[in-house]
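The values are calculated or read from the model by the stated rules, or taken from the named source; none is laboratory data. Worth saying up front: this structure is predicted, and the values here are computed from it rather than measured. Backbone-built Cβ (ideal geometry, glycine too); neighbour counts: all protein chains shown. When the accessible area is computed, the model is the full protein with side chains, heavy atoms only, and any ligands, DNA or RNA have been set aside. Shrake-Rupley method; radii C 1.70, N 1.55, O 1.52, S 1.80 Å.
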Amino acid sequence: ASLNEQIREEEMMRRRLERFHSPQVIEMILRGSQQTKDNVMEANEVTATMLFTDIIGFTRLAEQITPRETNIILNRYFSAMTDVVFSYDGTLDKYIGDGLMAVFGAPIERDDDAERAILAAKEMRIKLGEMMTEQGETPLRKFDIHIGINTGRVVAGNIGSPRRMDYTVIGDAVNIASRLESIAKPNQILIGEETYKAVKGKFKIREIGLKKVKGKSEEIIVYEVL
């Protein structure tokens, strides 16, 4: 009876975690100690790397097509991008309209979180290019994306009300990642200074320089992953 109860609890936890985490991360959590399982969704301060991406001009695109086609485009796009996030052991934080937010380093921090975030971003560009050339039953309308990545200390865990709790991360580093995405050019990957420091020498990167972003009183140094 005790074993059956343990199996049921593990299956329930697995189903909850599947909403946010890759199969590899889920296995790491389930193989961990009881304390790891108990605390995984509780709010904790961690160093993580956030990735934001969204479709450029999607509102204008949606005005030119039917709601059904809009739904098809978003589902195919989100499915492909989420698969990329999970393939690099990222956590799906949320979908925001036509955008996606992913986190690398929560709930479990790893030394290569920033590196895996950039690898995921680079693969997203490749996957998007493949999607744009597919000739299926319903070929996708052509579009581009922005990508912004930033690293820093955040609070990660279940946040919300007793009626609705979602796993997410909050903090200034998250806001900067979002702002970097908003100023990126079509299919450009912009990263913040802390991300650059974490991956220096591992990717071809150029310094863009100081940029003013919304919500920050001072300019921040911005880099582009080539």
On the accessible surface of the range 71-226, probed at 1.4 Å with all protein chains in place, carbon and sulfur together account for a percent value of 48
Looking only at lysines whose Cα falls under 21 Å of Lys197's and that sit 8 or more positions away or on another chain, we get Lys122, Lys211, Lys212, Lys216
Distance in Å, no decimals, from the C-alpha centre of the range 81-102 to the one of the range 156-207 is 12
Of Thr47, Thr195, ordered by accessible area with the largest first and a 1.4 Å probe, the sequence is Thr47, Thr195
For the range 109-226, dividing by residue count, accessible area per residue (probe 1.4 Å) in Å² works out to 55
Given unit charges at Cβ for Lys, Arg (+) and Asp, Glu (-), the dipole magnitude of the range 175-226 about its Cα centre in debye, nearest 20, is 100
